[in-house]
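Colleague: Let me give you the structure first, and then I'll get to my questions.
Every number in this text was worked out from the coordinates using simple rules, so none of it is lab data. All values derive from a computational prediction rather than experimental measurement. Don't worry about glycine lacking a Cβ; one is built from the backbone with ideal geometry, like all the others, and counts go over all protein chains shown.
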Amino acid sequence: MLIPGLLLLVWLPASLARHSPPLWAGAHAHAHAHRTPRCYLPEELPLGHAPPHLLARAARWEQALPVALVSSLEAAARRRRRSGPPAGAQCPVLQPEEVLEADLHQRSISPWRYRVDTDESRYPQKLAFAECLCRGCINAKTGHETAALNSVLLHQSLLVLRRRPCPPAAAGPPMPGAFAFHAEFIRVPVGCTCVLPRSAR
């Protein structure tokens, strides 16, 4: 998972700079010249879509863990809705014999769950965000939560596209509903770990 993610981070900014027709229009007078984003009309790119040239080659968001988990999380949510109301998030009692074959987030002494975060102005729109289930951590001997350690989120930087309205054009006809894409990094919570408390209790 790590290598495809690194390839994405390296390739996408270069693609933004050199693609023709470019995502960024206008000539570059020098390295710090102002860049005007290329505008798209709603009929060109429906909501939830991104410029096709950014989805080819190494730009494969579906290989990133926060994206790859979304379909399975949504399927699990549909199964829970059919079987009854969901249980509230709570720190579990760790029973090794029951979790030996479980996924990492269930076997951890700082367990977490995933939820689907949706942002219509972002591509990808849906990402899996981790949430810690315990304030403390689970004692491996007793299986119960202990306050001797704290559970904290681990974050990963992910490159996404942000869909924003285009500014009014100084010349030319108006473009109602026009928008542009801006590349940006966001911090995605991907798991939890145990740390010493900042202060003694």
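Colleague: Can you give me the relative contact order of region 121-201 as a percent, contacts being Cα pairs under 8 Å and 6 or more apart?
Modeller: 37 percent
Colleague: Taking the Cβ of each residue in D117, D103 as the centre, tally the other Cβ atoms inside 10 Å and list the residues starting with the fewest.
Modeller: D103, D117
Colleague: Which value in Å does the Kirkwood hydrodynamic radius of region 96-138 take, with 1/r averaged over all unlike C-alpha pairs and then inverted?
Modeller: 12.0 Å
Colleague: How big is the convex hull of the Cα atoms of region 59-172, per residue, in Å³?
Modeller: Output value, Cα hull per residue: 171 Å³.
Colleague: Please arrange C137, C194 by counting, for each residue, the other beta carbons lying within 10 Å of its beta carbon, fewest first.
Modeller: Final ranking by Cβ density, sparse to dense: C194, C137.
Colleague: For K126, K141, what ranking results if the residue with the fewest other Cβ atoms within 10 Å of its Cβ goes first?
Modeller: Taking fewest neighbouring Cβ atoms as first place, the list is K141, K126.
Colleague: Would you please name the GluC sites (Glu not before Pro) within region 65-147 that are DSSP coil residues with at most 12 other C-beta atoms within 10 Å of their C-beta?
Modeller: Sparse-neighbourhood loop GluC sites (Glu not before Pro): E101, E120.
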